Amino acid sequence: MKKLFAILLAASMLFTVIPQGNASADTSQVAVKLVNYIGKNSSIDVKVTGNYRISETGSALNSGQTYTVKASSGVLSLYSGNQKLREFGAQFSMVPVTYGTSSTLTIQNGNSYTGTITFQAEGSIVTPVNKLPMEDYLKGVLPKEVSSAYPLESLKAQAVSARTHASRFTSAGKTMDDTTSYQVYGGYSSWQDKTSQAVDQTAGVVLMYGGTYAQTYFSASNGGMTESAENAWGGSSIPYLTAKRDPYDDSYNWSVTLNKTQISTAGLDLKNPNSWWSQVVEANKNEAANMKTFMLNNGYGGKDLKITGISSLTVDAAKNSSGRSIKGSITVQYMAKNELNPDGSIKIQTATFHDLKLSQLRAMIGNAIWKSLLVTNVTNGSNSYTVSGKGYGHGVGMSQYGMKARGKPDNPTKRFCNFTIRGQPSRVVLIPVRDLIRSLTTLI
C-alpha cells in the first residue's frame, strides 16, 4: 500500500524546497471525500456548531442542532428530526459564515470538520466532501499518520512531505479521500498541539523535483534497507526512490507462525456440518479469515469456506536488488460447506497457490501480520510454519522509525536521507534534521 514518506533530501540543481505560494497552481485549498470513518450510508446526521448556512439558498443553520441528510435516487433531502426541510438536486453545501475552528460540522462518526462540507448523492448514498485550507487539512492528517510523541523535527519533516503529497493532487484539480489511498485525515477532531506546531513551523513549504512535486512515500519501517519504487510497483525508476541501506532502521523484526492443523475434524459429524459449522474456527483465526477472502476473490467465489490445514508454505530463495523476496507458494486444505463426498460427508479439499508474487502471499495472510517482503527465514516445524522478517510496509522512501531516530535533538549529525542521485554521491546535499527548513531554503 502506497503512503508518502518524509523525503528530506535535496540535490543541487535537482531538488528545491519552495514556499507553496510560489507554485503555479493554487493548492491553498483542498477537497477531501469523507469515506474512511463514514462508510456508505443513505442518510448522515450532521451537528452544527457555530455559524453555518446553506450555500444554495442562503438559509442559516441553527448552532447546536443536528440535521439529517438523506439520499434517494440521486436526490438529496435535508431533515430536522422527521421534518423534511428542503429537497435539493445531486448536491448542496453547508458553508461557514466565517471560516475558523469555532465553526465545525460533526458527522455521525463523531469527527468534527472545519470549512465547507458539500454533500453529494451517489445513487442512494450520501458522500460528504470537506473543503478547507491546506494547512488545516494537514493538521488533521499528521496525528493520523505519525505519533505526536515523535521529535518535533521529525514531525516537521512529515509536514513537508504530507504537504507535498497533497499538493500533487490538488494542483491537478483532484479530490482526495481520507483513507490510506492518499493520506488518513481525521478532521478537526484529530488535531494535536505538537503536530499542529510542526505544520505551522513549515507553513507552505513543499518539495519539488524537476519542476514538479516530488513523489513522497513512507512506510512504518524499511528494516534497514529501503526499497526502490521500480521494485515495489514497476514502471520507470525514480532517481530519489532507490534501494539503499538505512543504518537508522535495522531493528524492527517480526514473525508469524501458522499452524499446520487449523481445524481438527476429529469428533466432528462430517455428514452434518450444520451442527458445528458456526462454532468451529481456525487455529489462526485472523490469518484464516484473510486466506478465505483471498480465495473468494481468486476462483472460489460464492463458497462458505473453512481452512482445515496448511500443508506447504515456501518462500523462494531469489531476491531483488533490495534483498526482498520475490515469490512464494502455499497449499491449504479447506472445506466448502455444501460440497460433499458421495457418502454425504463434507469434502476435505486442497488448493495450491504456486509462484505467487510475495506481495500477494503477504496479502493472503494479512499485510498487518506478514509485515514486509524482507523475509529473513522460513522454518518448517513439526506442527507449524514460522516466517520471520524485518521492517513493516513496502519500504519505499523514508521509514517512520528511521525518521524518529534521526529527529532526536541529541543526534544533530544524523540525517533524514542520504540517497545517491543518478550514481553521483557528490551531487547529493545532506540535510541536518534540526536545520531542515533553513538548510533546504539555502538551495533555492
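The values are calculated or read from the model by the stated rules, or taken from the named source; none is laboratory data. Computed from a prediction, not measured in an experiment: that's the story for all the values here. Note that we place each Cβ from the backbone using ideal geometry, even for glycine, and neighbour counts take in every protein chain shown.
One table, with the values for the structure above:
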read-out	value
Any hit, region 140-161, residues being of a type in the set (Lys, Arg), under 20 Å from Asn36 (Cα atoms) and surrounded by 21 or more Cβ atoms within 10 Å (Cβ to Cβ)	no
Meets criteria (aromatic (Phe, Trp, Tyr) and in contact (Cβ under 8 Å) with a residue 40 or more places away in the chain) for Tyr37	yes
Elements of type strands (runs of 3 or more DSSP E) contained in region 18-99, each with 3 or more residues being modelled with pLDDT of 95 or more and of a type in the set (A, V, I, L, M)	29-33, 43-49, 75-80
Enumerated helices (runs of 4 or more DSSP H) restricted to region 121-212, each holding at least 3 residues that are small (Gly, Ala, Ser) and more than 30 Å from Glu87 (Cα to Cα)	152-170
Residue match in region 198-209 (condition: under 19 Å from the mean Cα position of the chain (by Cα) and either more than 20 Å from Lys319 (Cβ to Cβ) or small (Gly, Ala, Ser) (or both))	no
Selection count, region 150-187, where residues are over 15 Å from the mean Cα position of the chain (by Cα) and more than 17 Å from Asp200 (Cα to Cα)	8
Selection count, region 313-344, where residues are part of a loop (DSSP other than H, G, I, E, B) and either under 12 Å from Leu270 (Cα atoms) or among the small types (Gly, Ala, Ser) (or both)	11
All positions within region 213-223 that are modelled with pLDDT of 90 or more and assigned to a loop (DSSP other than H, G, I, E, B)	Asn222, Gly223
Test for Thr257: is it of a type in the set (S, T, N, Q), at pLDDT 95 or above and part of a strand (DSSP E or B)	yes
Residues of region 255-303 that turn out to be crowded, with 19+ Cβ neighbours inside 10 Å, within 23 Å of the chain's Cα centre (by Cα) and farther than 16 Å from Phe353 by Cβ, as a count	0
Unique residue being surrounded by fewer than 16 Cβ atoms within 10 Å (Cβ to Cβ) and out of contact with any Gly (no Cβ under 9 Å at 6 or more places or on another chain) when the list is Gly115, Gly74, Gly58, Gly123	Gly58
Residue match in region 322-331 (condition: surrounded by fewer than 13 Cβ atoms within 10 Å (Cβ to Cβ) and of a type outside the set (Phe, Trp, Tyr))	no
